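Enquirer: The following block contains the structure, expressed as structure tokens.
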Amino acid sequence: MNDPFADIRPYRDAEVPSVLQRLLGDRELLDSIARLRLGKVATLAPALCRPAVRWYLGRQLRAVSDVHGMQMVIKHYVEKVIEDTTAGFSVSGLEALDPARPWLFMSNHRDIVMDPAFTNYALHRGGHQTVRIAIGDNLLTKPWVSDLMRLNKSFIVKRSPGSGRALLAASRHLANYIRMSLQEERSPVWIAQREGRAKDGVDRTEPAVVKMLAMSRDKQVESFGEVVNALGIVPVSISYELDPCDGLKARELYLRSTTGSYAKAEQEDVASIARGISGSKGRVHVAFGTPLSGEFADADQVAAEIDRQVVSLYCLHPTNLYAYRMLHGDSARIPDNLTLEAGSCSEAGFRARIEALPAEHRPFALAIYGNAVASKLALAAAGDSAPPC
């Protein structure tokens with residue numbers, strides 16, 4: 001009866017059957033799947049397609065009775081995405097983390113869905129619990145989208161709850177939920193290092209995210225540094241050889257640069273999600289860092305350490321080096337320890353990819369890849385060496 005986080009938490013096992021029944025009766029969901037699988041036929045005759053889609057979906061979900069069962073269905077699709085859209089999936093650093101400890105994984109943010117999906121898959125494959133995933137309510141545009149996300153251990157981050165007072169209350173509510181998940185329910189959590197993707201390829205933690213997490217502390221008995229250590233924050237660095245959304249991001253960055261603003265089209269995030277899932281990604285690497293510990297005085301210090309680890313652990317692909325040289329000239333000096341031999345995309349293929357974009361968008365697309373090299377070089381100049389992938 002007492003469920004203070006009912007408005008944001010994932011669904012529990014006992015709720016799964018009724019949610020699945022609701023989804024099987026949702027016309028918008030059935031029509032969306034029909035358009036995805038059947039194309040124009042579904043657009044011309046949606047009423048005729050729904051029974052077939054409902055049967056197909058029911059067959060896929062017939063053995064699902066709890067959250068774990070739902071995640072095993074999702075695991076199958078993630079493995080298919082890896083097989084069909086990547087040239088290899090690799091993981092590092094996970095062996096150093098105690099699987100019995102519920103960590104707070106804070107990652108860089110390049111793709112809306114695949115960042116937490118790849119992190120989750122790496123954890124599952126490595127014998128760790130799967131995570132509860134923070135997702136902004138701006139992405140939950142339809143009730144069925146919210147249902148699907150919450151079936152997969154997603155919890156809701158309220159982006160625009162209203163007044164400043166309401167925002168403060170929502171932030172504290174979220175912080176308390178995350179801490180309760182970690183320390184009482186012993187469930188690990190995934191959260192991005194910033195609100196929104198790093199569309200320019202510069203991975204930087206927003207101190208506001210750290211400040212939100214610290215709102216769970218009891219100021220009477222706990223210091224800021226103590227709450228940071230108690231949360232068990234583990235930086236995660238995800239890298240893609242190819243970004244399926246590079247053209248979309250470059251267009252947005254160009255318009256922001258030339259007009260000073262950018263207005264998203266309706267369902268633009270949905271289109272980005274679809275492209276991020278189905279588009280070619282080349283090689284993908286997920287690197288897990290070292291849990292944060294020590295004396296942290298404020299959110300800026302925490303953000304700086306997360307940034308250091310994310311940049312240091314980021315696995316450079318040849319595409320990053322191609323882009324950096326295309327931006328700065330072929331003579332641009334890159335230390336040997338930043339180069340990689342392996343890659344699925346040739347330099348000629350990468351150049352063709354960039355040249356297929358409008359000329360005015362190309363510098364922004366190159367920066368999406370090249371800024372990872374610039375961040376590595378800046379870190380090296382500060383005396384921090386980058387480990388190989």
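Enquirer: Considering each of LEU182, LEU167, LEU139 in turn, give the residue that is under 18 Å from the mean Cα position of the chain (by Cα) and either more than 26 Å from ARG308 (Cα to Cα) or not charged (D, E, K, R) (or both).
Expert: Every option except LEU139 fails the conditions.
Enquirer: Quickly run through the stretch 152-168 and pick out the residues that are at pLDDT below 95, surrounded by 14 or more Cβ atoms within 10 Å (Cβ to Cβ) and either among the β-branched types (Val, Ile, Thr) or farther than 14 Å from LYS211 by Cβ (or both).
Expert: LYS158, PRO161
Enquirer: Pick out the one residue from ALA342, ALA303, ALA365 that is surrounded by fewer than 21 Cβ atoms within 10 Å (Cβ to Cβ), of a type in the set (Gly, Ala, Ser) and in the same structural domain as ARG204 (by TED's automatic domain parsing).
Expert: ALA342
Enquirer: Kindly provide the set of residues from the stretch 170-211 that are over 18 Å from PRO4 (Cα atoms), surrounded by fewer than 19 Cβ atoms within 10 Å (Cβ to Cβ) and among the acidic types (Asp, Glu), ordered by number.
Expert: GLU195, ASP200, GLU206
Enquirer: Name the residues in the stretch 48-72 that are farther than 17 Å from ASP26 by Cβ, modelled with pLDDT of 95 or more and of a type outside the set (D, E, K, R), would you?
Expert: Of everything in the stretch 48-72, those that are farther than 17 Å from ASP26 by Cβ, modelled with pLDDT of 95 or more and of a type outside the set (D, E, K, R) turn out to be SER65, VAL67, HIS68, GLY69, GLN71, MET72.
Enquirer: Just name the residue that is modelled with the lowest pLDDT out of those in the stretch 239-275 that are under 27 Å from CYS345 (Cα atoms) and of a type in the set (S, T, N, Q).
Expert: Step by step, filter the stretch 239-275, then rank; the result is SER272.
Enquirer: A further question on this structure: Answer yes or no: is there a residue in the stretch 93-105 that is at negative phi, of a type in the set (A, V, I, L, M, F, W, C) and touching an Asp or Glu at 6+ places or on another chain (Cβ under 8 Å). Steps first, please.
Expert: As a first pass, look at the stretch 93-105 and keep what is at negative phi: 94-105.
This time we only want the ones that are of a type in the set (A, V, I, L, M, F, W, C), so: 94, 96-97, 100, 103-105.
When the remaining residues are screened for being touching an Asp or Glu at 6+ places or on another chain (Cβ under 8 Å), the result is none.
So far as the stretch 93-105 goes, no, none of its residues is at negative phi, of a type in the set (A, V, I, L, M, F, W, C) and touching an Asp or Glu at 6+ places or on another chain (Cβ under 8 Å).
Enquirer: Only one of these is at pLDDT below 75 and not basic (Lys, Arg): PRO358, PRO363, PRO318, PRO387. Name it. Write out each step before concluding.
Expert: Working: PRO358 fails: at pLDDT below 75; PRO363 fails: at pLDDT below 75; PRO318 fails: at pLDDT below 75.
It is PRO387.
Enquirer: GLY196 passes all but one of (1) assigned to a loop (DSSP other than H, G, I, E, B); (2) touching a helix residue (DSSP H, G or I) at 6+ places or on another chain (Cβ under 9 Å); which number fails?
Expert: Looking at each condition in turn, GLY196 falls short on (2).
Enquirer: Now, a different point. Between ARG125, ARG197, which is within 17 Å of the chain's Cα centre (by Cα), in the same structural domain as PHE224 (by TED's automatic domain parsing) and among the charged types (D, E, K, R)? Talk me through it step by step, then tell me what you get.
Expert: Values: ARG125 fails: within 17 Å of the chain's Cα centre (by Cα).
Testing whether each residue is within 17 Å of the chain's Cα centre (by Cα), in the same structural domain as PHE224 (by TED's automatic domain parsing) and among the charged types (D, E, K, R) leaves just ARG197.
Enquirer: Another question, if that's okay. Considering only the stretch 166-220, how many residues are closer than 30 Å to PRO363 by Cβ and of a type in the set (A, V, I, L, M)?
Expert: Qualifying residue count, the stretch 166-220: 5.
Enquirer: Go through (1) surrounded by 18 or more Cβ atoms within 10 Å (Cβ to Cβ); (2) touching a residue at least 60 places away in the same chain (Cβ under 8 Å) for ALA96 and report which single condition fails.
Expert: (1)
Enquirer: Can you confirm whether ALA263 is exposed (fewer than 15 other Cβ atoms within 10 Å of the Cβ), out of contact with any Pro (no Cβ under 6 Å at 6 or more places or on another chain), in a loop (DSSP other than H, G, I, E, B) and assigned by TED's automatic domain parsing to the domain that holds GLY201?
Expert: Spelling it out, ALA263 is indeed exposed (fewer than 15 other Cβ atoms within 10 Å of the Cβ), out of contact with any Pro (no Cβ under 6 Å at 6 or more places or on another chain), in a loop (DSSP other than H, G, I, E, B) and assigned by TED's automatic domain parsing to the domain that holds GLY201.
Enquirer: Within the stretch 254-297, count every residue that is among the small types (Gly, Ala, Ser) and closer than 23 Å to VAL145 by Cβ.
Expert: 8
Enquirer: Any residue at all in the stretch 154-165 that is in contact (Cβ under 8 Å) with a residue 40 or more places away in the chain, closer than 26 Å to LEU20 by Cβ, part of a loop (DSSP other than H, G, I, E, B) and polar (S, T, N, Q)?
Expert: Scanning the stretch 154-165 turns up no residue that is in contact (Cβ under 8 Å) with a residue 40 or more places away in the chain, closer than 26 Å to LEU20 by Cβ, part of a loop (DSSP other than H, G, I, E, B) and polar (S, T, N, Q).
Enquirer: Given the options ARG308, ARG351, ARG333, name the one that is over 29 Å from ASP98 (Cα atoms), assigned by TED's automatic domain parsing to the domain that holds ASN108 and assigned to a helix (DSSP H, G or I).
Expert: On inspection, the qualifying residue turns out to be ARG351.
Enquirer: Turning to a different aspect of this structure: Give me a count of the residues in the stretch 26-82 that are in contact (Cβ under 8 Å) with a residue 12 or more places away in the chain, in a loop (DSSP other than H, G, I, E, B) and more than 29 Å from ASP111 (Cβ to Cβ).
Expert: 1
The values are calculated or read from the model by the stated rules, or taken from the named source; none is laboratory data. Here the structure is a predicted model, which is why all the values come from computation and not from measurement. Using ideal geometry, Cβ is built from the backbone for each residue, glycine included, and neighbour counts are taken over all protein chains shown.
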